[in-house]
Amino acid sequence: MGKKNKSVLVVGAGIAGIQASLDLAEMGLNVHLVEESPTIGGRMPQLDKTFPTNDCSMCILSPKMSECARHPNITVHTMANIDSIEGDPGNFNCKIIEKAKFVDPDKCVACGLCEEKCPVKIDDEFDMKLRKRKAISRYFLQSIPSEYTIDQEHCLYLTKGVCKICEKVCEANAIKYDDVDKEIELNVGAVIMATGIDAFNPIGFGHFGYKRFKNVVTSLEYERMLSASGPLGGHVVRASDKKEPKSLAFIQCVGSRDDSIDKNYCSSACCMFAIKQSIISKEHIKDMDISIFNMDIRAFGKDFDKYYEKSKSTYDVQYIRSKVSDISELSNGNLRLKYVLENGEIRFKEFEMVVLSIGLEARKNMQDFAAKMDIKLNKYNFCRSDGFAPLQTSREGIYVCGGMNGPKDIPESVVAASGAVANSVKFLEVERQDIKEEGTNEKNVIGDRPRIGTFVCHCGINIAGVVDVKNVAEYAANLPNVEHSEDVMYACSQDFLDLIKDRIKEHDLNRVVVAACTPRTHEPLFRETIAEVGLNPYLFEMANIRDQCSWAHMNEPEKATEKSKDLVEMGVAKARDLSPLKRLPIDIGPGALVIGAGLSGMTAALAVAAAGQKVYIVEQEKKSGGNLRKIFFQPDGKDPQKLLQDTIKKIEEHENIHLFTNTVIDKIIGYVGNFNTSIQNLETKECTNISHGAVIVATGANEHKTKEYQYGKSTRVVTQVEFEQMLLNKDFPHGKFKNVVMIQCVGSREEGRMYCSRVCCTKAIKNGLELKKIRQNVNIFICHRDIRTYGFREQYYTDLRDKGSVFIRYSPENKPKVELLDSTDPDSKLNVSAFDPILDREIIIDADLVVLSTAIDALEENDILAKMLKVPLNADGMFLEAHVKLRPVDFATEGVFVCGLAHGPKDIDESIAQSKAAASRALTFLSKKAILAEGTITEVDISKCSGCAYCVDVCAYSALEIDPEKEVVVVNDALCKGCGACVASCRCGALDLRGFSNRQLHSVFDALELT
Amino acid sequence: MSDWQPKILAILCNWCSYAGADLAGVSRLQYPPNIRVVRIPCSGRVDPLFIMKAFQTGYDGVLVSGCHPGDCHYLSGNYFARRKFAVIKPLMEFIGLEPDRLQFSWVSAGEGERFSEVVTKVTKDIQKIGPITKMVKGV
């Protein structure tokens, strides 16, 4: 191996770039995150809600954004582009151009005064041009960094030399008209690309009248309309008459699955996007009539089908199988849709508004970009990657994730990001990091009388423009235990932070209260500041007198001042009772246990071992390889068996990997960094104990064994897996072999298994194409409910259709029927009858072979393992991740991760990406010698505990246990997250939450003199 | 009575409702200045005693707000909160306190507007009920 490097470059700061940066930074690497726009966040901030949980997109994203911005190992370069990458992996020299922002980020306090006064209005791209922004602005409300930037193209001073209003109103003197572009040179070991995707622009496309008809909008515009922080404040009205639309049509596949515009791929996310928007719309406007015009509904992800079914049953969304051929606008602004049903019948329907579900496409500048970076693109201008190396570009040392190499939804992007990190590790120096010792020179304040310093912030005029700040500071000065009180212009500026440290020394302060903005963004900064002069960081309290006072009561200055005084008094009351808290270190032991030696388990093991960690793989079968042993073909021509043999060889040869086959897990005890597992060989009964720091669950899944469609009664009815074996051996039924019927969704998407098994459509088509190679004249009939060849898989669907195969859509109420011609002879030929909606009648096929695409079943053993690991399963028996969107391979239980089929049905490339992601997430822990537990956790007064164990049931993290000898509860500091649910449930008053203790909170409730 | 301004204690969870209150401010949505906010990690932290303590101090009303059911940052805290809330209102009635002095809501971090609406409504409701006298210390 060549040179390794401590630094790494991430290009693009959408959710994929953010996730990659966080993982790398947690492994102790120096990350440079380069982003073209003025903020990190990418596409997610534009979304209102996310499917299938309807989580608020911004709420789930913003903690990751601030973590990324605050992380000491991450340097964010916004408004920056990568210009060149020279050199070799391990030693790349990269040139970055950082554009002039014209606002000094160190001085700007994001008060927004400049934007208010700026006379130049321009289209707001973030709000899809549905609203205007100013030439000086911040990209969106929660932008990070929050500082403003000037739009060079539109600023009056920068273009015409007049105006300068922003400079005049800026009290922080942050405007810098002479700012220039900067060139930065970086030496890095690897590059992770995550430049994202664009949305299809439907101007002039089809006969949909986008931009001609006022009430036709794109799905992204509609998303902004639905958003509570969007241009309409979440009250959807149509553009023509500002009335709430009572009927809405979604048109799917606008710019997707369309060879005529060179986009013969599926954008993967738009079906779910439309379902989500229809559900949210119905929540806004209850009596809305919604129809979704589609070719297929591709709800192929985990729990997506349940969401789809819910949209029909609970929200009465109508799904119409049809391509809309024309839209005309009526005089009242309504839109008349002309569409053709499957049977050829032409229909018309009027809607008050139309949403075009626009597809995802490669970024506009991809060809130039790829040429500069020396990476290859596919024919749709997405970054090219290989089915067995889905995160790798054509250039070694440069990896790809997110939408850059094909349409993806959020969790897939997050998975790819973590996976790309695992790939890059071989060119990076990942070492076990020491923990930074906390509080070594901390002043002991226990037993000292509280000496509180209060600082009241003007925030320019943001607070002082409404609240009488001086008056508040004077009021605070007279409160008990307040030794010092003053008002300051900008509490968060570097000058003030220095001042606060001086005052602590000067007045011997041992508690600090800052009345300013919100602790959610600024508490960490102030805590770090007081820690610098030896105060425990938890001896700090904030009063939020801006976001929750001056900004919310702008027309009531007196009442706002009175409220500010109260809030400061409550803050002082809490501060008085604060005590120093210690974040206890939890030692993290090295090594990982991987459960399951299928492709996912082995791939994860190799990725963890690549970072120098020991890995133990436990496999209950006699041979490794799992389901991959039964896969012989890939539609792209790659050889799965070669992949399997290569992987097995690497595992066998790796000195740090120990594979235990024919072995089961007996017991797992412990927690993150400190697991202890005993395993037993099924044959020799020999037991082994393993200590390890992390666990990766890769137990796989089974092919469903059906009783439907004469399976087991006829030798001519086989599953797709069995059929693949026939294709390999070219061993088909004897005699005439003319007609093959495939039946999709056998066991999937119906009662008991209300999920899509995801891989079967592509598998059926793949096997169909293989059959056509061997027996060109065989007729293939595929009975399906929707064909779900998402992403670039669409091409194979087209290929098989071009070869004359027939696709027959059936409904679950009217499944195809399979009958033996001679019911006494299992070798007898078969009759398959099915209703064909295109011919509008029943057809009967004389079948020589029937191939069933059976569902993927969760393992029954999952249940036992889940209990051992204290992790949940979903209703279908698959492992349930910590967060379906942003923590797709983590569990809420730290140090335990999941990948492959154990998590849910997925294809080979997706399993590879996910197992690498699980490895990468495990490495974020394993690369540390210790982690710090949270300071604000539960403590027990055992003298009061009756051992009732009510708290044990309440705890969502299994952090509480009853000590069997003492019969009192014990808190595991490593597991407690500090929610306080146990404290509120304790009947004996034995539990308390540090930092939010009963005493502290009661002091706050009691602080004000109200009577 | 119409000029009378109630004092209301708002106990907000850190991850959803407190963030929603911040967003209301950032969006400059205006609401009555009658609430005094206490930030706690999770609505599951709320002990019914907190609410009684607030009435005893002299707050005319109490608002407790957490994440929407299913959205709890701590997985299930708001469900426990909801169960406690179900029993505390009858208790208030039993001791002769108007149950509407105590209100619960679910406000997400993205619902600045909802937060301002909730506060406006709660303030109006409490205004209608009038000043608290029962239970208050020193009265």
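The values are calculated or read from the model by the stated rules, or taken from the named source; none is laboratory data. Being a predicted model, the structure only gives us computed values, none of them experimental. Glycine gets a Cβ as well: all are built from the backbone with ideal geometry, and neighbour counts include every protein chain shown.
General observations
- Scoring residue B:74 on the criteria (1) facing chain A (nearest Cβ under 7 Å); (2) in contact with a Cys (Cβ under 9 Å, 6 or more places away or on another chain); (3) outside any loop (DSSP other than H, G, I, E, B) leaves a single failure, condition (3).
- If the condition is being facing chain B (nearest Cβ under 8 Å) and either assigned to a loop (DSSP other than H, G, I, E, B) or out of contact with any Cys (no Cβ under 9 Å at 6 or more places or on another chain) (or both), then region A:985-1006 contributes A:996, A:998, A:1001, A:1002, A:1004, A:1005, A:1006.
- Counting the residues of region A:871-891 that are out of contact with any His (no Cβ under 8 Å at 6 or more places or on another chain) and within 18 Å of residue A:592 (Cα to Cα) gives 2.
- Identity of the residue in region B:60-71, in contact (Cβ under 8 Å) with a residue 12 or more places away in the chain and part of a loop (DSSP other than H, G, I, E, B), that ends up nearest to the other protein chains (Cβ to nearest Cβ): B:71
- Strands (runs of 3 or more DSSP E) within region A:854-942 that include 2 or more residues within 22 Å of residue A:587 (Cα to Cα): A:896-898, A:930-932, A:938-940
Matching residues to (1) under 30 Å from residue A:881 (Cα atoms); (2) surrounded by fewer than 18 Cβ atoms within 10 Å (Cβ to Cβ); (3) touching a Ser or Thr at 6+ places or on another chain (Cβ under 9 Å); (4) not assigned by TED's automatic domain parsing to the domain that holds residue A:464:
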site: A:52; (1), (2), (3), (4): yes, no, no, yes
site: A:68; (1), (2), (3), (4): yes, no, yes, yes
site: A:143; (1), (2), (3), (4): yes, no, yes, yes
site: A:154; (1), (2), (3), (4): no, yes, no, yes
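- A Cβ distance below 8 Å, combined with a sequence gap of six or more or placement on separate chains, defines the contacts here; from region A:644-671, residues that are in contact (Cβ under 8 Å) with a residue 60 or more places away in the chain reach residues that are part of a strand (DSSP E or B) and among the hydroxyl-bearing types (Ser, Thr, Tyr) in the pairs A:665/A:677; A:665/A:678; A:667/A:677; A:667/A:678; A:668/A:677.
- Top-ranked residue in region B:103-139 [being acidic (Asp, Glu) and assigned to a helix (DSSP H, G or I); ranked as nearest to residue B:72 (Cα to Cα)]: B:113
- For region A:790-818, filtered to residues that are among the hydrophobic types (A, V, I, L, M, F, W, C) and not in a strand (DSSP E or B), the residue that is farthest from the chain's Cα centre (by Cα) is A:800.
- Residue within region A:724-732 that is surrounded by fewer than 24 Cβ atoms within 10 Å (Cβ to Cβ), more than 24 Å from residue A:304 (Cα to Cα) and in contact with an Asp or Glu (Cβ under 7 Å, 6 or more places away or on another chain) present: yes
- A Cβ distance below 6 Å, combined with a sequence gap of six or more or placement on separate chains, defines the contacts here; from region A:548-559, residues that are more than 7 Å from chain B (Cβ to nearest Cβ) reach residues that are in a loop (DSSP other than H, G, I, E, B) and crowded, with 24+ Cβ neighbours inside 10 Å in the pairs A:550/A:463; A:550/A:466; A:550/A:467; A:557/A:466.
- For region A:170-198, the set of residues classified as modelled with pLDDT of 95 or more and surrounded by fewer than 20 Cβ atoms within 10 Å (Cβ to Cβ) consists of A:176, A:177, A:178, A:179, A:180, A:181, A:182, A:183, A:184, A:185, A:187, A:198, listed by residue number.
- In region B:6-31, residue farthest from the other protein chains (Cβ to nearest Cβ) [restricted to those that are outside any strand (DSSP E or B) and touching a Lys or Arg at 6+ places or on another chain (Cβ under 8 Å)]: B:20
- Every residue from region A:944-984 that is among the aliphatic types (A, V, I, L, M) and within 14 Å of another protein chain (Cβ to nearest Cβ): A:952, A:954, A:956, A:959, A:960, A:975, A:981, A:983, A:984
- Residues in region B:94-129 that are free of Cβ contacts under 8 Å to residues at least 60 places away in the same chain and aromatic (Phe, Trp, Tyr) were compared, and the one that is nearest to residue B:18 (Cα to Cα) is B:104.
- Of all residues in region A:302-340, those being part of a loop (DSSP other than H, G, I, E, B), out of contact with any Ser or Thr (no Cβ under 9 Å at 6 or more places or on another chain) and not acidic (Asp, Glu) number 5.
- From the list A:560, A:575, the one residue that fits, being more than 36 Å from the chain's Cα centre (by Cα) and within 19 Å of residue B:8 (Cα to Cα), is A:560.
- Each residue in region B:103-120 was checked for being at the interface with chain A (Cβ under 7 Å from one of its Cβ atoms), touching a strand residue (DSSP E or B) at 6+ places or on another chain (Cβ under 6 Å) and over 12 Å from residue B:13 (Cα atoms), and 1 of them qualify.
- The residues of region A:132-174 that are within 17 Å of residue A:461 (Cα to Cα) and among the β-branched types (Val, Ile, Thr), listed by number, are A:165, A:169.
Conditions tested, residue by residue: (1) within 19 Å of residue A:449 (Cα to Cα); (2) not in a loop (DSSP other than H, G, I, E, B).
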{"residue": "A:475", "(1), (2)": "no, yes"}
{"residue": "A:490", "(1), (2)": "no, no"}
{"residue": "A:496", "(1), (2)": "no, yes"}
{"residue": "A:499", "(1), (2)": "no, yes"}
{"residue": "A:503", "(1), (2)": "yes, yes"}
{"residue": "A:506", "(1), (2)": "yes, yes"}
{"residue": "A:513", "(1), (2)": "yes, yes"}
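- Checked against (1) touching a strand residue (DSSP E or B) at 6+ places or on another chain (Cβ under 8 Å); (2) of a type in the set (Ser, Thr, Tyr); (3) farther than 21 Å from residue A:215 by Cβ; (4) crowded, with 21+ Cβ neighbours inside 10 Å, residue A:308 passes all but condition (1).
- The set of residues in region A:159-205 being closer than 19 Å to residue A:117 by Cβ and in contact with a strand residue (DSSP E or B) (Cβ under 7 Å, 6 or more places away or on another chain) consists of A:166, A:167, A:174, A:175, A:176.
- For region A:644-661, the set of residues classified as outside any helix (DSSP H, G or I) and exposed (fewer than 15 other Cβ atoms within 10 Å of the Cβ) consists of A:655 only.
- Subset of region B:36-55 that is more than 8 Å from chain A (Cβ to nearest Cβ) and buried (at least 20 other Cβ atoms within 10 Å of the Cβ) - its residue that is nearest to residue B:83 (Cα to Cα): B:43
- Being surrounded by fewer than 20 Cβ atoms within 10 Å (Cβ to Cβ), charged (D, E, K, R) and under 24 Å from residue B:37 (Cα atoms) holds for only one residue in A:541, A:486, A:506, and it is A:486.
- Of all residues in region A:1-40 being among the charged types (D, E, K, R) and crowded, with 24+ Cβ neighbours inside 10 Å, the one that is farthest from residue A:420 (Cα to Cα): A:35
- Any hit, region B:23-32, residues being within 28 Å of residue B:137 (Cβ to Cβ), buried (at least 22 other Cβ atoms within 10 Å of the Cβ) and aliphatic (A, V, I, L, M): no
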